[in-house]
Amino acid sequence: MKKSRITATIAGVAALALGLGACSSGSGTTSSSGKQSLTVEDYYTKTYDPIYQDCAGQVGVDVNPVHIAGAALIAKVLQQASSKTLPDVLMLDNPDVQQIAQTGALAPLSDFGVSAPAGDVPAVVQAGTYQGKLYGIAPVINSIALFYNEDMLKAAGVTPPKTWDELRADAKKLTNPSKGVYGFAMSNINTYEGTWQFLPFFWTSGGDEKNIDSQGATQALQFVVDLQNDGSMSKSSVTWAQADVNNQFIARKAAMMINGPWQLPALNATKGLKFASVPIPTPTSSQKVVAPLGGETFNVPQTGNKTKMSLAAKFVACLNTPAMQLKISKVSGNVPADEATAATVAQSDPQVKSFVETVKTARARTAELGPKWPTAATSIYTAVQLALTGKASPAAALQQGQASNH
């Protein structure tokens, strides 16, 4: 979840669905080498290009990577679907898969004999499935965990918390107003990023997207409000994106934070910063956190070129083999979707151990509502904002959210 980008341009999906039956790829059929050439579209950087070249060699094709800015990808895809210029292989953030599949722009992977690897965590299949058909597979995944400053916790005489009560107590001890240090930080911004960060509290306490004003959801929001009321979490969290939270942690202005493995490069580059992470605390010690699944899927668009679509499916299958998952994990800092491969990574890299543990019980954001997820996500982050800014109690904020959650 590096980018919060489910976009309102999806509103045009119904119109697109009518005109996708005879799409043809805008890329050339063959390259100068005489091989079929596949265009791969993503919002990554060139660091992924060697991965693509590896699978291109295995499949026997040439590959042309095209990198689109993350915030512009979905609008670009919708335009390409309308103009029948879709790429041969398309990367999508996993919450977008069902919305794009709904338009008819994607081909079911089963049409080419491709299925999700048997060892992948269950949420990978949930995220890539629409109306019972698998449209995308994520080779690597991520979620969020509780990072902590080892030196600050040691100085305060506390150990990493496992429960909400422990988190609240530890955050109080770690807060030092005279130095502008807060015990805890998270993003509560009014975007899908804010919803993403609140979901582990919301889901683990029994919150439900169909009923966002449930007792469990209210308890979760009250807990976050309590952290702010204690003075343990800055009131500025309502304007912080995850990158801002990470900056607070790096500056030693936050002793603990919720964030993801994509922050590891910046954290490791910070001189003298000793840190580690654990799964996000739960209401009781016997629970496992239910956190959102992050990560991007690879999909085969409906280009109309059956030969290239078949090759594209083989390319997608190649990216999702355990060996390639491991290579992508090393490039991205994310967790292999295959549980056995992820366990191997955790043994050699303690920094990702908490994420390997968390993704086992992670949940796809679209698992329950499918393409309607953005409406619930908006209602949730709006309720969080109302409660933290004092405009409504947690219960009233969630009740307002539920009223608009249709």
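A short reminder: the numbers here are calculations on the coordinates, not readings from a lab. Remember, it's a predicted structure, so these values are computed and weren't measured experimentally. Ideal geometry is used to build each Cβ from the backbone, glycine not excepted, and the neighbour counts take in all protein chains shown.
See the values below:
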{"item": "Charge tally in the Cβ shell below 15 Å around Q351, where Lys, Arg are +1 and Asp, Glu are -1, Q351 excluded", "result": "0"}
{"item": "Cα-based reach from K210 at 13 Å (exclusive), listing aspartates and glutamates while leaving out same-chain residues under 8 positions away", "result": "E368"}
{"item": "Histogram of C-alpha separations across the stretch 55-105, 5 Å bin width, %", "result": "4, 16, 28, 24, 13, 13, 2"}
{"item": "Three-way shape label, the stretch 105-235, alpha-carbon gyration tensor, a/c 1.5", "result": "prolate"}
{"item": "Extended-chain gain in nm, criterion 0.36 nm per residue less alpha-carbon gap, T45 and A71", "result": "8.0 nm"}
{"item": "Dipole magnitude of the chain, debye to nearest 20 (Cβ charges: Lys/Arg +1, Asp/Glu -1, about Cα centre)", "result": "480"}
{"item": "The stretch 162-176 - phi-based ³J(HN,Hα) in whole Hz, Karplus 6.51/-1.76/1.60, Gly and Pro as x", "result": "10, 10, 4, 4, 5, 4, 5, 5, 5, 4, 4, 5, 8, 7, 9"}
{"item": "Contour minus Cα-Cα distance for L369 and Q79 (0.36 nm per residue)", "result": "101.9 nm"}
{"item": "Per-residue [θ]222 nm for the chain (sum of -39500 (n - 2.57) over DSSP H runs n ≥ 4, rounded to 500)", "result": "-12000 deg cm²/dmol"}
{"item": "Under-5 Å amide H pairs with A276, H placed in peptide plane, nonlocal only", "result": "Y148, E150"}
{"item": "Rounded D (µm²/s) - the stretch 295-406, Kirkwood Rh over Cα pairs, Stokes-Einstein at 20 °C, 1.002 mPa s", "result": "123"}
{"item": "Label point distance in nm, N190-Q399, each placed 7 Å from Cα along Cα→Cβ", "result": "2.2"}
{"item": "K330/K391 FRET efficiency (R0 56 Å; Cβ-Cβ; nearest 0.05)", "result": "0.80"}
{"item": "Interchain or long-range residues, amide H under 5 Å from L134's placed H", "result": "L109, S110"}
{"item": "Among Q197, I250, G60 - extreme Cα towards positive end, dipole of the chain, charges at beta-carbon", "result": "I250"}
{"item": "Under 16 Å from the Cα of K271 - aspartates and glutamates, other chains or at least 8 residues apart", "result": "E150, D151"}
{"item": "Listed residue (L293, A340, S236) projecting farthest to the positive dipole end of the chain, Cβ model", "result": "S236"}
{"item": "HN-Hα J in Hz across the stretch 142-155 - Karplus 6.51, -1.76, 1.60, θ = phi - 60°, x for Gly and Pro", "result": "7, 7, 10, 9, 9, 7, 9, 7, 4, 5, 5, 5, 5, 5"}
{"item": "Alpha-carbon centroids, the stretch 44-97 and the stretch 385-404: separation in whole Å", "result": "39"}
{"item": "Count of Lys pairs (Cα-Cα under 16 Å; at least 8 positions apart or interchain) in the stretch 68-200", "result": "5"}
{"item": "The stretch 291-354: projected area of the alpha-carbon convex hull, averaged over directions, in nm²", "result": "5.2"}
{"item": "Shape box of the stretch 357-406 [Cα atoms, principal axes, largest first, Å]", "result": "36, 27, 13"}
{"item": "Three principal axis lengths of the stretch 97-181 [C-alpha, angstrom, descending]", "result": "61, 27, 21"}
